[in-house]
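Data first, discussion second: the structure below is written as structure tokens.
The values are calculated or read from the model by the stated rules, or taken from the named source; none is laboratory data. This is a predicted model, so every value here is computed, not measured. Note that each Cβ is placed from the backbone with ideal geometry, even for glycine, and that neighbours are counted across all protein chains shown. Side chains are part of the model used for accessible areas, which takes the heavy atoms of the whole protein and leaves out ligands, DNA and RNA. Shrake-Rupley method; radii C 1.70, N 1.55, O 1.52, S 1.80 Å.
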Amino acid sequence: MTKNPPSEPLEGDLLACLAAGSFRTYLTTFGNAKNLRSLATEKLRECSRKQVLDICSQIEKDTVSAIEQLHEALSANEGDSESLIDDALLSLRGAALLAHDVLQQHRLQPPEALLNASTLLHDHCILALGDCPEVQDAVSKLCCSWWELQIQGREALVPQTLPYILVRANASGRPSDVRANASGRPSDVKSCYTMRDAFGLLDFDDPTIADVKKLMLRAAFNPAFIQRSEGRRFLAFLFGLHPQLVRDLTTIVRNQSH
């Protein structure tokens with residue numbers, strides 16, 4: 001995602017862009033303009049319920065549009081594909097960040113369209129993107145917020161969020177990991193602790209979650225978890241999830257003590 005964002009549309013006015021039909025352009029700018037986020041936060045506090053509904057509906061529509069554009073550009077071998085991909089990714093990052101801000105301001109009664117947009121972002125923009133942390137981090141933060149705020153429908157935002165935050169948190173404890181998506185931030189471990197109850201939704205007898213279980217076990221000997229209070233509390237929580245997981249964790253702890 002190397003493309004420079006376009007100039008700020010209509011002086012960054014959220015509602016003006018919505019009325020003018022330039023909301024998609026607004027989203028591509030929103031993710032890389034801190035002043036737009038502060039302006040949007042102020043505007044969202046003042047919005048009527050109808051305006052919030054309209055904003056969320058447009059976020060959902062533009063999320064669908066950006067996902068379709070991304071899929072078409074990825075499957076095409078045309079000269080402008082890279083530009084279309086960058087534009088779609090900027091839009092999706094902006095959609096995730098704005099959706100998060102709307103959720104924080106209107107957490108007591110978030111519109112259905114906001115959950116729909118968040119679900120689309122979860123399904124298409126976390127594991128499905130491969131390696132695009134600018135977008136993935138924004139989407140996973142949005143999904144974690146739905147869970148932390150205990151809002152109805154949050155369970156749909158769990159399946160891809162859990163493995164992603166585990167990968168990020170485990171990477172943060174490996175100084176030799178120099179991949180682009182290696183995080184190194186305490187916030188990744190904190191996200192795991194924030195989402196701890198969501199791990200109880202996993203079916204530990206289902207073989208398809210084998211990779212997630214491996215990531216959970218890796219956390220047990222990762223300094224990123226061991227050296228941080230949220231990490232230690234997260235590991236303590238894992239000891240109450242499933243008998244086989246507890247046996248595996250106990251083995252790891254015993255091996256570390258020798």
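Some notes on this structure:
- Within the stretch 112-123, the residues that satisfy the criterion of being within 13 Å of T161 (Cβ to Cβ) and either in contact (Cβ under 8 Å) with a residue 40 or more places away in the chain or among the β-branched types (V, I, T) (or both) are T119, L121.
- G21 meets the conditions (1) surrounded by fewer than 20 Cβ atoms within 10 Å (Cβ to Cβ); (2) at negative phi in every case but one. The failed one is (2).
- The residue that is most open to solvent (accessible area, probe 1.4 Å), among those in the stretch 31-45 that are part of a helix (DSSP H, G or I) and more than 18 Å from L114 (Cβ to Cβ), is K34.
- Top-ranked residue in the stretch 63-92 [being open to solvent by less than 50 Å² (accessible area, probe 1.4 Å) and of a type outside the set (A, V, I, L, M); ranked as farthest from the chain's Cα centre (by Cα)]: S81
- Residue pairs whose Cβ atoms lie under 7 Å apart, separated by 6 or more positions or on different chains, with the first residue in the stretch 46-73 and at pLDDT below 95 and the second of a type in the set (A, V, I, L, M) and open to solvent by 60 Å² or more (accessible area, probe 1.4 Å), are A73/L84.
- Some residue of the stretch 130-138 being under 22 Å from L202 (Cβ atoms), of a type in the set (V, I, T) and at pLDDT 95 or above: no
- Pairs with Cβ under 6 Å, 6+ apart, first in the stretch 17-39 and without any contact (Cβ under 8 Å) to a residue 40 or more places away in the chain and of a type in the set (D, E, K, R), second part of a helix (DSSP H, G or I) and surrounded by fewer than 20 Cβ atoms within 10 Å (Cβ to Cβ): none
- Residue list for the stretch 231-241, filter: surrounded by fewer than 19 Cβ atoms within 10 Å (Cβ to Cβ) and touching a residue at least 12 places away in the same chain (Cβ under 8 Å): R233, F237, L241
- Boolean, E60 is open to solvent by 70 Å² or more (accessible area, probe 1.4 Å), acidic (D, E) and more than 14 Å from the chain's Cα centre (by Cα): no
- Of all residue pairs spaced 6 or more apart or on separate chains, those with beta-carbon atoms under 6 Å, a first member in the stretch 207-219 that is farther than 16 Å from Q160 by Cβ and a second member that is hydrophobic (A, V, I, L, M, F, W, C) are A219/F225.
- Hey, S191 buried (at least 20 other Cβ atoms within 10 Å of the Cβ) and at pLDDT below 90 or not: no
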